[in-house]
Every structure is written in C-alpha cells, then in structure tokens.
1. Looking at the range A:300-356, which of its residues are crowded, with 24+ Cβ neighbours inside 10 Å, of a type in the set (S, T, Y) and without any contact (Cβ under 8 Å) to a residue 60 or more places away in the chain?
2. Quick check on this structure: which one of B:A173, B:A127 is surrounded by 17 or more Cβ atoms within 10 Å (Cβ to Cβ) and touching a residue at least 60 places away in the same chain (Cβ under 8 Å)?
3. For the range B:24-50, give me each residue that is of a type in the set (K, R) and within 15 Å of ligand 2 (Cβ to nearest atom).
4. Just give me the residues in the range B:162-182 being charged (D, E, K, R) and away from ligand 2 (no atom under 16 Å from the Cβ), in sequence order.
5. Regarding B:G137, is this residue surrounded by fewer than 24 Cβ atoms within 10 Å (Cβ to Cβ) and within 16 Å of ligand 1 (Cβ to nearest atom)?
6. Count, please, the residues in the range B:29-38 that happen to be within 16 Å of ligand 1 (Cβ to nearest atom) and modelled with pLDDT under 95.
7. Give the residues of the range A:166-199 that are closer than 17 Å to A:I124 by Cβ and among the charged types (D, E, K, R), sorted by residue number.
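The values are calculated or read from the model by the stated rules, or taken from the named source; none is laboratory data. None of the values given here were measured: they were computed from a predicted structure. Backbone-built Cβ (ideal geometry, glycine too); neighbour counts: all protein chains shown.
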Amino acid sequence: MNVLNLLQLAWRALLRNKLRAFLTMLGIIIGVGAVITMVAIGEGSKQSIRSQLSSMGSNMVTIRPSSNQTVGGGARLGASGLQTLKVTDAELLKKQATYLTAVSPAVSANGQVINSAKNWPTSIQGVSPEYLSIRDWKLKDGISFSDEDVKTSSKVCLLGQTVVDNIFDPGEDPIGKTIRFDKIPLKVIGVLEEKGENTFGQDQDDIILAPYTTVQKRILAIDFIQTIYASAIDENSSALATAEVTTLLRKAHKLQSGEDDDFTVRTQAELISTISSTSELLTVLLAAIAGISLVVGGIGIMNIMYVSVTERTKEIGLRMSIGARGLDILLQFLVEAILISITGGIIGVAFGLTASKLVSIFLSWPTLVSQSSIVLSFAVCAITGVFFGYYPAQKASRLDPIEALRYE
Amino acid sequence: MPAKILEIHNLKREFRMGSETVRALKGVSFSVEAGEFVTIMGSSGSGKTTMLNILGCLDQPSDGDYLLDGVNVKQLSRNELARLRNRKIGFVFQSYNLLARTSALENTELPLLYNPGVSGKERQSRAVKALEAVKLGDRLHHLPNQLSGGQQQRVAIARALVNEPIMILADEATGNLDTRTSYEIMALLQELNQQGKTIVFVTHEPDIAAFSSRTVTLKDGKVVKDMKNPAVKSAKDALAALPVNDDY
Ligand SMILES: Nc1ncnc2c1ncn2[C@@H]1O[C@H](COP(=O)(O)OP(=O)(O)OP(=O)(O)O)[C@@H](O)[C@H]1O
Ligand SMILES: [Mg+2]
C-alpha cells in the first residue's frame, strides 16, 4: 500500500462516520484553537506593555535615593525621606557620564491647582528643560522653559492636557494665563502633548512641569532633589550607563568599598525585561493550560481508535487473510489517527485565528498571533495523532487473521 | 512426475475450550501435486474448513507439518505468511467475508492493494476482468448488501482470482448458487486448472465433485477416502446440456 492508498482509505473511513470523526476532532480543534488564542492574548499584552513602556522613553535611566543604613530590625528607610541626592550629583553626571546624553534633576509635589474659580488636585514636577527629551515628550503649544528660567527659579510652567481640561473652559487658550499651585502663581508658557495612560494605568497628562529650582525653593523649600532622570545614549548601553552612574555617584558620595549604595539606578530597559518576563510567564501558563486540552483531545483520538479497531476486527482479519502485513494494518490505523488530528489541527488553527480576532474586536484586548504557536500546536497535534494512534493501531496489527475473522 | 505443491503430514488441530478440547483434525496426511483439481468432501463438522484454513496459511496446526511449495510453513514469519497468502493463494471463504459498504470492484481490488508490484491503473483493470469472469461485469459498483448471496459469493471468487495465485482454495464456493451458476463457476475453475492452477475445493455435492480430478473424503477429522476420478466431467459440456430456458 502506498501513501496515497493509505490516505484514501483513512479518508473514507472518516467520511463513513462523519459525526464521530468530527466529535473526535473537536478535542483537537479546541486544543489547538485554545493554544493559538491564549498565546495570541499573552503575546499581544506583552507587545502592548512593551510599546507603552518604550513610549515613556526606552533609554530612560532613573536614579533615586536609597538608604544604605539598616535601622533596627533590618528595615530600611523609605526613599521619600532621604536626602542623599543633590543638584550637584546631577551636574556631575551631566559633565562626566559618557553613556548619558541628557540629565535632569527632579522634585515633585502634590497640590491643588487653581485657575480663577476652577481647581484640580494634581502634582507638579520640577525638572530641567532636558526632561522633555529624556521622556521623549513634545509640546503641543507654546514653548518650554529655559536654563535661564531654572537659574532664576522663574514662575513659569507647562501643563499636561488633563490639567488644561480641568481648569480651563473648552476653547480657552491657556498660554499666557497665570494659574496658582499651592498659592504660588505660575505663568503657563506651554502645553504638553498628550501621552495617555502608562502601563500602570496612571494618567501621564495629569501633571504640571516647572523648573526644578522653582519647585524646590518656592513650593517645597528643600535643597535636595528626589530623582535624577537621564537618557542613556541608546537602549543597549543601559547596563553600561548604570555601571558608570554607580561609579561616579559612589565617588561623589565618598562611599567606602564595603558600604552599600545610597541610591538606586533603574533603567527602562530593565523594567521592560522584568515586565516582559512576567507576561512571558503568563503566556507560558496560558499555553500550558491549552496544551493540556490538546492532550485531552489526543486521548479522545486514542479512545475512538480503540473502538474503531474493535469494530473493524473482522475487516482486519479479512485484510490479513488476503495478504496485508501487520505493518499495513498498523499504518492504516495510524494514518487514520493522524488524519483526524491533522484535520482537527487545521480547523483548530482557523478557529484560533478567528477567536483571536474576535477577542481583539469585542474585548479590545490586544492579540498577536505568533507563527511559532501555529507551527508548534500543529506539530504537537500531529505528534498527538501518532502517539495516541499508535497503540490502537499496534493492537490491530497484532491480531491473528483467523481469530479476527471469527470475531463477532 | 509433477512437483508436490502441498504436502501435509499427520496434521492435527485441536481447539481448547475451557476444560474441553475439540479435536477437529486428528492426523491428516495427503499431498497435492501442481495442476491437480482436488475436492474435499465430508459431512458437516468433519473438519474441512479447519483444514482449508491451515492450507491457506490462515491458521497453524497444533501438530504435524505443512509444506507449501517445499517450504515448511512453521518456519515462516508473520510477514512471510502474509506474502504467501497474497501472492500464492486465492482463498474463497464459506461466508464470503466481503468488506461491508465497499463496492464489488473495490472488494475485488483488495488483494492487489497489498501487492506493490501492481499499479493503480492495472489494479482496476484486473479487478474488472476478474469480475467479468464471474459474470458480474454489470455489478461493479454495487455494495455487498445490494447483491444476492450468489453474487456475493462470486465477488469473493473474483477476489481470489485477481492476484493470479498458483493455488485456489475454495470453501463451498458454489454452496449458494443455482445449478447453472455453479456449473459456470466450475467451468471457470476448470479453465483456470487447465492453465496450470492447483485447486482445492470443499463441497458437499457429489455432482460438483465429479468435475474434479480427485476427491478426498474427511470424516471426524480423518481421511477416510482418497480417490482419483477416472472420468472427469467437463463443466462446459454439462452447462451446454442444461435446458436453455431460464425464465421460470
Ligand atoms: N474456533 C473453534 N473453536 C472450537 N471448535 C471449533 C472451532 N472451529 C471449528 N471447531 C470445531 O471443529 C470441528 C470441525 O469444524 P469445521 O468448521 O472444520 O467443519 P466443516 O467440515 O467445515 O463443516 P461444514 O461443512 O459445516 O462447514 C467442528 O466440530 C467445530 O465445532
Ligand atoms: Mg466449513
């Protein structure tokens, strides 16, 4: 028997029992469909997290103070009360760090912003003009403040779109108006482009930017800074930048070799990989659950193949009596099992693609169908066919011709 | 002297059924020469089918030897036996054993499927020829349940002929046929026999046995009579002698 005969034979056997063949395939269809859809959902969310994170500026390096002293019981002080970062640190990095392109000190305060009768609780971020390039943020309207404004702590600010929407009437031009943040009058000189929500669901447009000196002196009355934002020269040099920043700041803070850092350096690349690996895990979990249903589908095939072998014992006996070898019978049933699983696999792929599409349309979840998941689940279901079809087929091939012929 | 195509020595076959043992064959010995047309006769339950199954390599004897074409079948592997059944033996079952829901043509093609030397095209033309030989040229695409018992039997005969075996083993191949069709089948077998095929034919009917060159009679699992037929009747002549009118 050649492959064509075998396929023809198997195909006819399936057509003879269409409903049964379909129900057997259903396990595989659902299994393959589930693998593809689940992986598509997992990959889709990974992709969207990734793109959101890089919209925050994928080269961004964040330096925050941290305690290097353990206070009783091993607990460490939280970052908020720490005053280890100074403007001079930022200036030092700007001058000496070769892997950084832009550096901005930052301080922030929460408060109420008021424009005539309207007010809105928001936060103000004191930064240097370079902050906009670090965050890859553009102005929609107006101009940014300058280094001169920083030097003179001038009372100017840039507004995020959410703030504009909440304290100005629709159609009102905020540029040139004076607003008050915690009683400090600030002149609006620009409006920031909308950024939308970040990965964690925070509204990135609910913010006011001002020179950091203004926030330090006029609002918070402090001389330290809370954060240093910087840009690594490119995404791949984040690690080098981190090392360099660490060396420079340890020297500036006069830390001995045994002492812990009194700051932490975080890069966006690092954050991306952390979050990606979390969602990677999610993808693997989803795929595993879906994979189990594929195995269940395989067991369904095995079950039906056993039934089929028993039902067709007489046929097997007859085929053997006219010259079929054990191998011929084995192949006949194996090809039938594989045909069920592969046909199921093809329908399953179609089902998975459709389901992924529907999920992204109706649930507006991002989905990304990966080719590898199609190839993988297809391969798995072919293997499933072979694996679960083999034992029933082997049982058939070992029958004794005359015994099988006598079977009632 | 022609070569012995099959030889059996003291062949025994026992069936164990729980504590009881049924002794279907109790030491049968005889041989058949190439080109012989042997009928096996005997009453029901005398062991004819049991013996034919062993001759057809479908069953193994409990004891004794069976030499097919000089080869002791005992020493052959399952695959070699399958090959023998496919190439050398054409077997007609007492109960036809056609595949259900499979057309007469496809049933007839079946042995050729397991013969890689035969192409798809040749397979079909040979099957059609075999069916025409048993006068079923107009029933190619009928399913077994759309055929009469006699027609099914003829499909089974066509299937046994199709792979051009050197030996045809038939178990009551005319049991369900009317006189005319039986004679036609016998004429066909005689023709095949003249072309050199060895035929072993199980039957109950003495007038069918008259068409063969030798009759072996079994009783209770033993050979009780083994006799050459001095005057072999020609089935063709017998057919011609039958009244022509068929419309009763
Ligand atoms: N598989 C079996 N198990 C037990 N006993 C069997 C088996 N096959 C045959 N027998 C017994 O062996 C004996 C011979 O049976 P066999 O079928 O060879 O008879 P037969 O001569 O072909 O009869 P018939 O003319 O009715 O076909 C019978 O008594 C039968 O009961
Ligand atoms: Mg019998």
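1. Result: no residue meets the conditions.
2. B:A173 is the lone residue from the list that is surrounded by 17 or more Cβ atoms within 10 Å (Cβ to Cβ) and touching a residue at least 60 places away in the same chain (Cβ under 8 Å).
3. Passing the criteria: only B:K48.
4. B:E164, B:D178, B:R180
5. Criteria not met by B:G137.
6. Number satisfying all stated conditions: 1.
7. Of everything in the range A:166-199, those that are closer than 17 Å to A:I124 by Cβ and among the charged types (D, E, K, R) turn out to be A:K177, A:R180, A:D182, A:K183, A:K187, A:K195.
Yes/no per residue for (1) assigned to a loop (DSSP other than H, G, I, E, B); (2) within 15 Å of ligand 1 (Cβ to nearest atom):
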site	(1), (2)
B:E164	yes, no
B:L169	no, yes
B:N176	yes, yes
B:H204	yes, yes
B:I208	no, yes
B:V224	no, yes
